[in-house]
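Note sheet for the following structure.
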Amino acid sequence: MNIPHKNASVVPKPDNSNLVKIVEGRNEHNQPVKVPVVTEIPLTIFLNNQEIVTTMSLGDWPDYLAVGFLKNQNMLNDNDIITGIDVDDDLGVVVVRTQRETDYEEKMKKKIQTSGCAQGTQFGDMMDAVGNITLDPDARIHTSAMMRLIKTINTMPSLYLSAGAIHGCVLAEGDNILAYIEDVGRHNAVDKIAGWMRLNHITGQNKIFYTTGRLTSEMVIKTVQMQIPILVSRSGFTHSGVAMAEQTGLTLIGRARGKRFTALTGCERIIDDHDDDRADDLGDDQGDDQGEKTSPQRAASRS
């Protein structure tokens, strides 16, 4: 039997005691309950000798998070040689060392607080990198494969299912999951995927990126920087996110649950090959960070 995530290099680990703590409380009937809650710890990222940012993170994969953040902020170039990554769990510090000398003092003055959870930060010239990127025009996504992928994601063991208060990001090829990573902030989860790709020499060509978070301009920019042509979310859109996707040629698919979805840009990449008569066995998601419900008004939908 083909298991869509059998070859995934990174998957959620909901049983990891370092990521989840049990807290005692009371429910609505004044009965004692034990509730799993996810961790949230500060991680300070250095590039060589320069402190770049401190972010609140789940605490796993600090090397992927640091490399992905630096890459998405255009501080780590594709041709940069990484000579070492030092992680100090006790101090909450990760240092990425490169062969090239770096100095981003001026760049760090241009900070923007993003709409992401856990106080996401981006630097003002992120758009400089996406202007020269051309996404694969021949990439395609089959609706049947997308539905199988969503079902797999929604039924895999994860911190989201066990504890909530978490965002997940998935890199896939067709309906095959390559990496599935979670974090308390969706921008951190994206950066972890970007770092995993950079350190494992994985390209974004013909890949699909799935996120549980809103489709904001930040999410679109980071997806384009990873050169991934298709972005899918169970959640909704912001207007700036849609405008950015249109500008960069990204296929943007939101409110994707079960057999329903909305595509607002890049619809030419979508191949409709699913069976409308199939039973509703594809697994609707269990809500999103906004508590949204699927709208009956869809630009490209399947009921």
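No lab work stands behind these numbers, since they all come straight from the coordinates. Please read these numbers as outputs of a predicted model, since none were measured by experiment. Reconstructed Cβ throughout: ideal geometry from the backbone, glycine too, with neighbour counts over all protein chains shown.
Assorted remarks:
- Cross-link table K13/K207; K71/K192; K21/K151; K107/K192; K34/K151, entries beyond 20 Å C-alpha to C-alpha: K13/K207; K21/K151; K107/K192; K34/K151
- If you take the alpha carbon atoms of region 15-100 and fit the smallest convex hull around them, that volume is 117 Å³ per residue.
- FRET efficiency, D275 to V23 (Cβ-Cβ, R0 51 Å, nearest 0.05): 0.70
- Set the Cα radius of gyration of region 141-271 against 2.2 N^0.38 Å, with N its number of residues, and you get 0.94.
- Annotation for region 1-96: trypsin sites (Lys or Arg not before Pro) lying in DSSP loop with at most 12 further Cβ atoms inside 10 Å of their Cβ are K6.
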